Amino acid sequence: MEKKKQTSYGDAGFSRFIKMAFQRHLGHEEEDFDKPVIGICNTFSEVNRCHSHIKPMIEVMKQGVLMAGGIPLEFPTTSIGEMFTSPTTMLYRNLVAMDTEEMIAAQPIDGVILIGGCDKMLPAQLMGAASANKPAIAFTGGPMANGEYKGKTLGACSDCRHFWQEYKAGTVSEEEIQEINSRLAPTAGHCMVMGSASTIAACAEALGMMVPGAAAAPATENERLRLARETGKTIVTAVKRGLRPSDIMTEKAFSNAIRTLLAVGGSTNAVIHLLAIAKRLGIGLTLDRFETLSRETPFLANLRPAGDYQMEDFYRAGGVPALLKELQPLLYDEEMTITGQTWKQILERIKVDEVYRPIIKSLDEPLHKEGGIAVLKGNLAPNGAIIKPKAVRDSRLLSHRGKAVVFSSIEEMEKRVNDPELEVDENSVLILQNAGPVGAPGMPEAGMIPIPEKLLKQGVRDMVRISDCRMSGTAFGTVVLHAAPEAAVGGPIGLVRNGDWIELNVEKRQLILDVAEEELEARRKQWRPPVYDDYRRGYTKLYREHVLQADEGCDFDFLLPPNEKA
Ligand code: FES
C-alpha cells in the first residue's frame, strides 16, 4: 500500500546531496542520513484544549528516539477538539485521516509517532497510518486527573451533562453550577471518564499500537513522560524490525480491541471508528462481529459513565494491561504488538492487585455478564443501531413500547423540545431525524436528546430516544444511536411520524416501527431526498457526496482500499 517514492527523478545521489544541504539547519550531519527518521505528528493546538499540553511530551519522545539511534523530526497535522469545532468534529475526522496519511506517505520518514487525545484524533490517525502503512505508534496527551466537588468525584463531561440537567430541573442553584463549572476540567488532558477519547485510546492499546499502559496514565503524571520516552524508543526498534500497521492491526487484533471496548463499557463512537480503521486494512469487520462478541464478553471495568470510577483510578488499578490480564482467556494473545512482543509475553508480567477489584472485576465475578454495547436490528434500522444498555438510567426502558414524538432535524428539536405545548409524556419515544452522516452533516453528538423541561420538573430523568446521529461517549440514558440507513438517504427512521408506535427490546436486540408495511411503502413513495442550501461547496460538499453510513464506519468511499466494497 505504501506509495512509490519519486523524489530522485533518476539521480539518487543528487537527491541525497540536496536534502542533506537543506537539513543542515537542524545541525544534522551526513551520518544522520543513514539513521531511521521518525516523524512526530505534532497536533499541538490551543483551540483543541485536549492537545494544548503535549509539547513537553514531544521533547521527551525525541530523547527516546535519539537514545534508540533514530532521528526525530516533528511535523504538524490538523488538530480538532470536541469543544470548539463546528458543526462537529466527526465531520473532520476523515480530513485529519487524509492529512495524516498523505503527510506520512509524502515525507521521507521511516516511522511515525501519532499524538492523539481528543475524541476523533486517534481514530483519524490510525486510519491514516493504516493506509500509509509505514511503521507507526500511537500516543495520547492522556486523560485529565479527577475533578472534585463537595467530596464527590467530578468527571468531564458526564458531570457537565448531569449537573446541567439538574440545573435545568431547578435542583442545582446558579451559584453551585458556576462552582461546578470551575472544577469540571481541573488539569490538562482529555476527558477523564471512559468517554470516546479514553475508549479509543484503550482500543488502540489493545490493538497493539501503543506501548502497554499508555492509554490510561493521566496527562499530568510523571509516568506519562516516561511512556512518551518509551514510545520514542519503541518506534525506532519497530522500524528496524519492519513492523507495519498491517502486521499489528490484524483481524484478530480487532477482536481484542472490540472485547476491550465491551469490557470497559466504552463509547459507542468507538464502534464507528474501529469499523473505519479495519476497512482501511481490507478487514471486513461488521456490526455483527460486535454483537457476537458483546454476548460473550463480560463487562469488567467499573468506569463512568456506566460505572463509578474514572481514568485516574483505572490507571492506578493497572489500566489496559490489567484489564487484558483478566480478559486473557478470551483474547488472541499471540497477536504481535508494536513493542515486538505478543500480548501473551507482555501479560506474563502483569498482575491485578486485589485492592483494585472495585475498579477492574475478575472474569469470574464480572460487573455484568455481557459487554457494554448492544447492536439492535429491526425495520426501524435494518442495517443496525447501537445502544449502551448499562448507561441506561431507568432499566425499565430497556423493554419499552411508546408513541413517537418526531423532530425532523436538530434545529427543529432545539426549537420545540422545551415548548410547554409539546405533546409528550414520560412514555413517549423521542425520535430525531436527519442528523446522520449525510443529513446533519457529520453525524453530530446530538443523540442524547434533552428530556423536555416540563418532564424534568415532574422528575423524569430518562426516556427512550432514537436517532441516526451519535452521542458523546460521556453521555448516558436510554439512547439508541446510529440508526442505519439514516433518514437523509431514505432510511426508515425518516418515515416515522408523530404517534407511531415504537418498540425497543434490548434483550431481543429489536428496534421495531410498528406500522403496517403498506403504510410504510406509501410513505416511502412520498419521500424525497432533502435539498440542502448549506455547505454547497468545499470539503463539506465532498463529505456529503462520499461519506459512508454508520454501520460502514463513516469513512469516504474513495479512501477504502481498491478491493474493499463501499
Ligand atoms: Fe477532548 Fe473530551 S473534549 S476528549
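A few comments on the model shown:
- Inverse mean reciprocal Cα-Cα distance (Kirkwood Rh) of segment 7-84, Å: 14.6
- Net length gained if the chain between GLN458 and GLU507 were fully extended (0.36 nm per residue, minus Cα distance): 14.8 nm
- Theoretical gain in end-to-end length, SER395 to ARG295 [0.36 nm per residue, Cα-Cα removed]: 34.2 nm
- Residues of type aspartates and glutamates that LYS120 reaches as a straight line, Cα spacing below 19 Å, ignoring anything fewer than 8 places off in the same chain: GLU46, GLU82, ASP99, GLU101, GLU102, GLU205, GLU445, ASP468, ASP551, GLU552, ASP555, ASP557
- Segment 448-511 pair-distance distribution - Cα-Cα, 10 Å bins, rounded %: 18, 47, 32, 3
- According to the Cα-based calculation, Rg over Rh for segment 205-306 is 1.00, with Rh computed by the Kirkwood formula.
- In degrees, nearest ten, helix 158-169 long axis to first principal axis of the chain (Cα): 30
- Reach of LYS525 by Cα under 14 Å, taken over aspartates and glutamates that are not fewer than 8 positions away in the same chain: GLU517
- Within segment 230-358, the proportion of Cα pairs with more than 27 Å between them is 21 percent.
- Both numbers refer to the Cα atoms of segment 463-566; Rg and Dmax are 16.2, 45 Å.
- Across segment 282-376, the fraction of Cα-Cα pairs farther apart than 16 Å, rounded to a whole number, is 61%.
- Against the compact-protein benchmark of 2.2 N^0.38 Å, the Cα-based radius of gyration of segment 92-242 scales to 1.23.
- Calculated SAXS-style log₁₀ I(q)/I(0) at q = 0.14 Å⁻¹ - segment 154-263, Debye, Cα scatterers: -0.71
- Within segment 137-165, backbone nitrogen closer than 16 Å to the virtual label 7 Å beyond the Cα of PHE75 toward Cβ: 137
- Potential extension, GLU421-ASP533 segment - 0.36 nm per residue separation minus Cα distance: 37.3 nm
- Cα-based equivalent ellipsoid of the chain: semi-axis lengths in Å, sorted from largest, via gyration tensor: 40, 27, 22
- Note on segment 26-125: the C-alpha convex hull projects to 6.4 nm² when averaged across all orientations.
- Antiparallel content of DSSP bridges confined to the chain, in %, to 5: 45
- Column: log10 I(q)/I(0), Debye, Cα scatterers of segment 346-463, q = 0.11, 0.18, 0.22, 0.24 Å⁻¹: -0.54, -1.05, -1.40, -1.56
- Cross-link pairs exceeding 22 Å between alpha carbons, from the set LYS62/LYS240; LYS55/LYS240; LYS35/LYS62: LYS55/LYS240.
- Listed by chain and number, the aspartates and glutamates whose alpha-carbon sits under 12 Å from that of LYS150, ignoring those within fewer than 8 places in the same chain, are GLU176, GLU179.
- Modelled label positions at GLU411 and SER15, each set 7 Å beyond Cα in the direction of Cβ, lie 5.2 nm from each other.
- Among the cysteines of the chain, those whose beta-carbon sits 4.7 Å or more from every other cysteine beta-carbon are CYS41, CYS191, CYS203, CYS469, CYS554.
No value in this document is a laboratory result; all are computed from the given coordinates. Only a predicted model underlies this, so the values are computations on that prediction, with no experimental measurement involved. Cβ coordinates were reconstructed from backbone atoms using ideal geometry, including for glycine residues, and neighbour counts include every protein chain displayed.
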